[in-house]
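Worksheet: one structure, shown below.
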Amino acid sequence: MKNILVTGGAGFIGSHLCEKLLLQGNHVICLDNFFTGSRKNIEHLMDNKEFELIRHDIIEPIILEVDQIYNLACPASPIHYQYNAIKTIKTNVLGVTNMLDLADETKARILQASTSEVYGDPTVHPQKETYWGNVNPIGLRSCYDEGKRVAEALMMDYHRQHKVDIRIIRIFNTYGPRMAKNDGRVVSNFIIQALKNEDITIYGDGLQTRSFCYVDDLVNGMVALMNKEDFMGPVNVGNDGEYTIKDLAEIIIDLTGSKSKIIYKPLPSDDPAQRRPDLTLAKEKLGYEPVVHVRDGLMKTIEYFKTVL
Ligand code: NAD
Ligand code: UDP
């Protein structure tokens, strides 16, 4: 049994991770400031005596006795991370520094939730970990993508200077139950619109692509990386099936049997044109293989949103 800290544990991915770590027999400390997370996401874990909840903001230091730290605290959807862009940068700089200091102090291993956004609007396709990215440093997304790039740099510098035991995972678009219904990401938006028979809003021409990973696959990859010896990443984890946003809209209309029509709205600035992970490294080092097909994962997510609406 390990003592494991999950920052951002009341969020979408964090809540699934806490669940998995408890199932594996660990003691889990979930830390969250409840900006985008909610108590509802972890309600079912509250009676477990191995589960603790701390309301705290990682931009303030904290001391805890832990063996492992999963640092997920950071809003992930464009609407939320742009709501207070300066706070997003602070979370990725001050917050990550605080978590690295904690890891240094307690000799804990720390895993940073990085993102495919570090590749920006990629000129290399699919994206390999060796690609350095094409990021606008002054755009609307930069609080998040440059923030996450600094977070990776900090992780590497703490490793080189203080020998902190680090892991870096680059997460590609992940979806599933407990996505916040107001967070504006494409999967939740389209499912909610379809279930309500409202217009489905495609931004731009809908020919931009993304690769969608079901949350259980992602969490398996995350735990595998944390527990792998002699490999710190960065490593891409996601699903390498690639869909246009228009394809996604059509699949969701089909799966929900919705009467929704597709409408087109302006494309937000710096919206990446294409994205697909090269998963060779994850397969080789972690034996990682996503197993949930997008239609099955979307059905589970649709069932979840039916209960929420
Ligand atoms: P989410 O918004 O549901 O979860 C983030 C959690 O962090 C929330 O519970 C929020 O309240 C908490 N939080 C935010 N700022 C905090 C702070 N300063 N102190 C303490 N808690 C704070 O998002 P998610 O989709 O679950 O993403 C989790 C992590 O994975 C994030 O770091 C995100 O950048 C990364 N990620 C997610 C995706 C994806 O597709 N979902 C893709 C790439 C990377
Ligand atoms: N998108 C869309 N309609 C929506 C929400 C998003 O067409 O209602 C598009 C968005 O412009 C982007 C893609 O879907 O091209 C994925 O958006 P999301 O915010 O989910 O993730 P990210 O852009 O961070 O990959």
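The values are calculated or read from the model by the stated rules, or taken from the named source; none is laboratory data. In this text, all values refer to a predicted model and were calculated from it rather than measured experimentally. All Cβ positions, even for glycine, are placed from backbone atoms using ideal geometry, and neighbour counts span all protein chains on display.
Table: residues versus (1) within 15 Å of ligand 1 (Cβ to nearest atom); (2) over 14 Å from the mean Cα position of the chain (by Cα); (3) touching a residue at least 24 places away in the same chain (Cβ under 8 Å).
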{"residue": "218", "(1), (2), (3)": "yes, no, yes"}
{"residue": "232", "(1), (2), (3)": "no, yes, yes"}
{"residue": "246", "(1), (2), (3)": "no, yes, yes"}
{"residue": "254", "(1), (2), (3)": "no, yes, no"}
{"residue": "259", "(1), (2), (3)": "no, yes, yes"}
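I'd like to check something: does the stretch 171-180 contain any residue that is in contact with a Leu (Cβ under 6 Å, 6 or more places away or on another chain) and at negative phi? Checked the stretch 171-180: at least one residue is in contact with a Leu (Cβ under 6 Å, 6 or more places away or on another chain) and at negative phi. If you go through the stretch 83-117 and pick out every residue that is part of a helix (DSSP H, G or I) and out of contact with any helix residue (DSSP H, G or I) (no Cβ under 8 Å at 6 or more places or on another chain), you end up with 12.
Which one of these is within 14 Å of ligand 2 (Cβ to nearest atom) and free of Cβ contacts under 8 Å to residues at least 60 places away in the same chain: 176, 184, 206?
Of 176, 184, 206, the one residue that is within 14 Å of ligand 2 (Cβ to nearest atom) and free of Cβ contacts under 8 Å to residues at least 60 places away in the same chain is 206.
Evaluated against (1) within 12 Å of ligand 2 (Cβ to nearest atom); (2) outside any loop (DSSP other than H, G, I, E, B); (3) within 24 Å of residue 130 (Cβ to Cβ), residue 281 falls short on exactly one condition, (1). Does residue 144 satisfy the condition of being assigned to a helix (DSSP H, G or I), touching an Asp or Glu at 6+ places or on another chain (Cβ under 7 Å) and hydroxyl-bearing (Ser, Thr, Tyr)? Yes, satisfied. Selection of the stretch 142-170 for residues being touching a strand residue (DSSP E or B) at 6+ places or on another chain (Cβ under 8 Å) and more than 16 Å from ligand 1 (Cβ to nearest atom) yields 156, 158, 159, 164, 165. For the stretch 213-253, the candidate set comprises residues that are surrounded by 23 or more Cβ atoms within 10 Å (Cβ to Cβ) and assigned to a loop (DSSP other than H, G, I, E, B); within that set, the residue that is nearest to ligand 2 (Cβ to nearest atom) is 238. Considering only residues in the stretch 1-19 that are of a type in the set (Val, Ile, Thr) and in a strand (DSSP E or B), the one that is farthest from ligand 2 (Cβ to nearest atom) turns out to be 4. A Cβ distance below 8 Å, combined with a sequence gap of six or more or placement on separate chains, defines the contacts here; from the stretch 40-68, residues that are assigned to a helix (DSSP H, G or I) reach residues that are surrounded by 15 or more Cβ atoms within 10 Å (Cβ to Cβ) and of a type in the set (Lys, Arg) in the pairs 41/178. Of all residues in the stretch 292-306, those that are surrounded by 12 or more Cβ atoms within 10 Å (Cβ to Cβ) have Cβ atoms under 6 Å from Cβ atoms of residues that are of a type in the set (Gly, Ala, Ser) and modelled with pLDDT of 95 or more, 6 or more apart or on another chain, in 294/241; 301/176.
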